[in-house]
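In what follows, a structure is listed as structure tokens, so that the remarks can point back to it.
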Amino acid sequence: MLHTVVALTMMQIWTSRFGDCQPEPSESVKLRLVNGGSRCDGRLEIQYKGNWGTVNARSWDMPKSNVVCRQLGCGAVHQAFAGGYEEGSGPVFTPNIQCGGSEASLQECKSEPWGDTGYSHSQDVGIVCKESLKVRLEKGGSPCAGRVEVNYRGYWRPVYASSWDLQDATVVCRELSCGAALKAPHEYHFGKVFDYIITYDVNCTGTEAALRECQSEEWDFYTHPEPNYAGVICAGNSVARLVDGDSRCSGRVEIQHGDQWGTLCDEYFSLEDAAVVCEQLQCGAVKATPRDAYFGTGNGPVWKDNYICLGNESRLADCQVSAWSRISCSHGNDASLICTDEMWSVRLTEGESRCDGQVEVYDNGRWSRIQDNFWTINEANVVCKQLRCGVATSSYIASGYRGKEGPVWVTDLQCEGSESHLQNCSASIFNRSFSDFIGVGVLCSGE
């Protein structure tokens with residue numbers, strides 16, 4: 001049920017006294033916000049003398065509301081009004097408190113005696129703290145695409161798209177930890193919804209941490225005859241994995257959004273998309289993209305992200321994402337992928353971090369060290385690039401890596417330094433087993 005919102009104005013502190021109702025300095029004043037969408041918005045209630053009661057809007061102001069939000073761990077105040085929530089019950093207090101707005105709790109404010117005013121509950125104070133203003137994306141097929149909706153006073157409602165642009169979308173993607181903003185669609189791109197809107201004329205600079213920090217019309221419940229809703233398509237985290245295959249480079253394609261893993265629909269999973277996944281997982285080239293849940297059906301959501309990759313990107317997050325298709329997909333359409341698994345995996349060991357140490361290569365089911373008497377900064381740069389460790393700051397041909405019986409690659413790698421993987425360099429290689437050899441090492445600039 002929607003209620004009439006009455007704006008608060010600054011008023012003189014009401015100085016009437018109420019006998020022995022002065023709260024003791026040692027007495028803890030408990031607060032809560034009720035009948036809102038979270039613990040950070042709702043009708044203000046205070047427990048005093050063992051009883052929970054509401055607060056009348058007379059003599060209440062924004063500095064006091066700011067202290068309430070801070071005391072509840074809900075950030076700063078966003079709005080305060082009278083009569084904006086369902087009417088309360090019990091006593092109606094008018095605590096004569098003088099707050100500057102920076103206090104940690106109401107007990108730190110100057111206070112005169114309290115009492116039950118006998119007023120009706122029609123003017124109970126309501127408060128919306130900023131931490132309650134959550135954002136979500138709906139009807140986009142993933143948590144990182146869809147119609148922008150805000151949880152305001154307990155209701156999820158859309159944002160109107162007047163002046164909506166990519167800067168506004170950038171802030172939403174940042175707030176949801178969904179990577180970069182790719183598009184800012186509007187009208188009814190993500191479906192029509194005949195409902196109240198929350199705000200309009202949103203004007204973000206693109207640097208804000210959350211949508212609530214952007215300039216806009218006052219947040220309230222509005223009606224508008226034209227369906228023009230703000231939408232966002234973010235790149236997402238696009239962390240990929242292959243599951244239930246015969247090796248680490250084959251299986252069902254799964255993508256992580258936030259902390260949730262879901263599958264992709266094979267209808268929109270192209271060879272170019274597959275090539276990027278193989279590259280991202282360091283699994284060589286595409287060998288096959290079997291259909292119809294070849295590696296079994298997954299759990300969780302079926303993301304409707306439609307990646308538009310060129311095939312030369314290093315990860316899915318670098319690809320464009322289109323609006324999700326209207327075709328319904330189930331787990332029976334889970335995308336599958338088999339990569340050639342020919343890419344040499346590389347690691348650095350015995351260093352102080354994963355970006356420092358002796359170079360080892362995984363090939364034919366085992367890790368092998370490298371002996372290369374012509375190792376240069378070019379080869380080192382390729383290792384750092386393959387490990388996503390920046391650039392090489394040092395390369396070593398070091399007898400300090402002597403010891404340890406085991407397989408060793410004796411190589412003559414010749415890299416230009418611009419290759420993305422060691423496998424792309426020209427080389428002559430043969431395997432031997434050494435207990436004493438001169439190894440190669442790399443120190444990279446870092447991730």
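The values are calculated or read from the model by the stated rules, or taken from the named source; none is laboratory data. Just so we're clear, the structure is a prediction, and the values are computed from it rather than from any experiment. For neighbour counting, all protein chains shown are included, and Cβ atoms are generated from backbone atoms with ideal geometry for every residue, glycine included.
So, in the range 148-206, exactly how many residues are basic (Lys, Arg) and over 14 Å from residue 229 (Cα atoms)?
2
From the residues in the range 372-386 that are without any contact (Cβ under 8 Å) to a residue 40 or more places away in the chain and buried (at least 20 other Cβ atoms within 10 Å of the Cβ), which one is farthest from residue 421 (Cα to Cα)?
Applying the filter and picking the extreme gives 381.
Read through the list (1) in contact with a helix residue (DSSP H, G or I) (Cβ under 7 Å, 6 or more places away or on another chain); (2) modelled with pLDDT of 90 or more, then give the number of the only condition that residue 332 fails.
That leaves (1) as the condition not met.
Inspect all residues belonging to the range 176-190 and state whether any of them is of a type in the set (Ser, Thr, Tyr), modelled with pLDDT under 85 and in contact with a Phe, Trp or Tyr (Cβ under 8 Å, 6 or more places away or on another chain).
Yes, because at least one residue in the range 176-190 is of a type in the set (Ser, Thr, Tyr), modelled with pLDDT under 85 and in contact with a Phe, Trp or Tyr (Cβ under 8 Å, 6 or more places away or on another chain).
Go through the range 125-218 and tell me which strands (runs of 3 or more DSSP E), entirely inside it, have 2 or more residues that are among the β-branched types (Val, Ile, Thr) and touching a residue at least 12 places away in the same chain (Cβ under 8 Å).
Strands (runs of 3 or more DSSP E) meeting the threshold: 125-129, 145-152.
What number goes with the only condition from (1) part of a loop (DSSP other than H, G, I, E, B); (2) assigned by TED's automatic domain parsing to the domain that holds residue 80 that residue 122 does not pass?
If we test residue 122 against (1) part of a loop (DSSP other than H, G, I, E, B); (2) assigned by TED's automatic domain parsing to the domain that holds residue 80, just (1) comes out false.
Quick one: which of 440, 383 is modelled with pLDDT of 80 or more, of a type outside the set (S, T, N, Q) and part of a strand (DSSP E or B)?
When all the criteria are applied, what remains is 440.
I'd like the residue in the range 219-233 that is part of a loop (DSSP other than H, G, I, E, B) and in contact with a helix residue (DSSP H, G or I) (Cβ under 9 Å, 6 or more places away or on another chain) and, out of all such residues, is farthest from residue 77 (Cα to Cα).
230
Being in contact (Cβ under 8 Å) with a residue 12 or more places away in the chain, within 31 Å of the chain's Cα centre (by Cα) and assigned to a loop (DSSP other than H, G, I, E, B), is that true of even one residue in the range 75-82?
Going through the range 75-82, the residues in contact (Cβ under 8 Å) with a residue 12 or more places away in the chain turn out to be 75-82.
Restricting the remaining residues to those that are within 31 Å of the chain's Cα centre (by Cα) gives 75-80.
Right, trim to assigned to a loop (DSSP other than H, G, I, E, B) and you get 75-76.
Checked against the condition, which is being in contact (Cβ under 8 Å) with a residue 12 or more places away in the chain, within 31 Å of the chain's Cα centre (by Cα) and assigned to a loop (DSSP other than H, G, I, E, B), the range 75-82 yields at least one hit.
Do you know which residues across the range 221-247 are among the charged types (D, E, K, R) and either crowded, with 18+ Cβ neighbours inside 10 Å or under 23 Å from the mean Cα position of the chain (by Cα) (or both)?
Matches in the range 221-247: 241 only.
In the set 161, 184, 169, 180, which member is closer than 11 Å to residue 233 by Cβ, surrounded by 22 or more Cβ atoms within 10 Å (Cβ to Cβ) and not hydroxyl-bearing (Ser, Thr, Tyr)? I'd like the intermediate steps shown before the answer.
Numbers: 161 fails: closer than 11 Å to residue 233 by Cβ; 184 fails: surrounded by 22 or more Cβ atoms within 10 Å (Cβ to Cβ); 180 fails: surrounded by 22 or more Cβ atoms within 10 Å (Cβ to Cβ).
After applying the criteria, what remains is 169.
Looking at (1) of a type in the set (S, T, N, Q); (2) more than 23 Å from residue 213 (Cβ to Cβ); (3) within 24 Å of the chain's Cα centre (by Cα), can you tell me which one residue 132 breaks?
So the condition that residue 132 fails would be (2).
Of all the residues that make up the range 387-420, how many are at pLDDT below 85, buried (at least 19 other Cβ atoms within 10 Å of the Cβ) and within 27 Å of residue 313 (Cβ to Cβ)?
Within the range 387-420, residues that are at pLDDT below 85, buried (at least 19 other Cβ atoms within 10 Å of the Cβ) and within 27 Å of residue 313 (Cβ to Cβ) number 1.
Might you check whether a residue that is of a type in the set (Ser, Thr, Tyr), in a loop (DSSP other than H, G, I, E, B) and modelled with pLDDT of 85 or more occurs anywhere in the range 307-321?
No, there is no match, as no residue in the range 307-321 is of a type in the set (Ser, Thr, Tyr), in a loop (DSSP other than H, G, I, E, B) and modelled with pLDDT of 85 or more.
Looking only at the range 264-282, how many residues end up being farther than 14 Å from residue 333 by Cβ, out of contact with any helix residue (DSSP H, G or I) (no Cβ under 8 Å at 6 or more places or on another chain) and not hydroxyl-bearing (Ser, Thr, Tyr)?
Adding up the residues that qualify gives 7.
Being surrounded by 15 or more Cβ atoms within 10 Å (Cβ to Cβ), small (Gly, Ala, Ser), closer than 30 Å to residue 163 by Cβ and in contact with a Cys (Cβ under 8 Å, 6 or more places away or on another chain), is that true of even one residue in the range 206-215?
No, because not a single residue in the range 206-215 is surrounded by 15 or more Cβ atoms within 10 Å (Cβ to Cβ), small (Gly, Ala, Ser), closer than 30 Å to residue 163 by Cβ and in contact with a Cys (Cβ under 8 Å, 6 or more places away or on another chain).
Kindly establish whether residue 251 is of a type in the set (Gly, Ala, Ser), outside the structural domain of residue 77 (by TED's automatic domain parsing) and touching a residue at least 60 places away in the same chain (Cβ under 8 Å).
Yes.
Please count how many residues of the range 328-356 are surrounded by 15 or more Cβ atoms within 10 Å (Cβ to Cβ) and more than 23 Å from residue 419 (Cβ to Cβ).
Of the residues in that region, 8 qualify.
Output the residues belonging to the range 48-74 that are in contact with a Gly (Cβ under 8 Å, 6 or more places away or on another chain) and either surrounded by fewer than 20 Cβ atoms within 10 Å (Cβ to Cβ) or assigned to a strand (DSSP E or B) (or both).
51, 52, 53, 54, 62, 63
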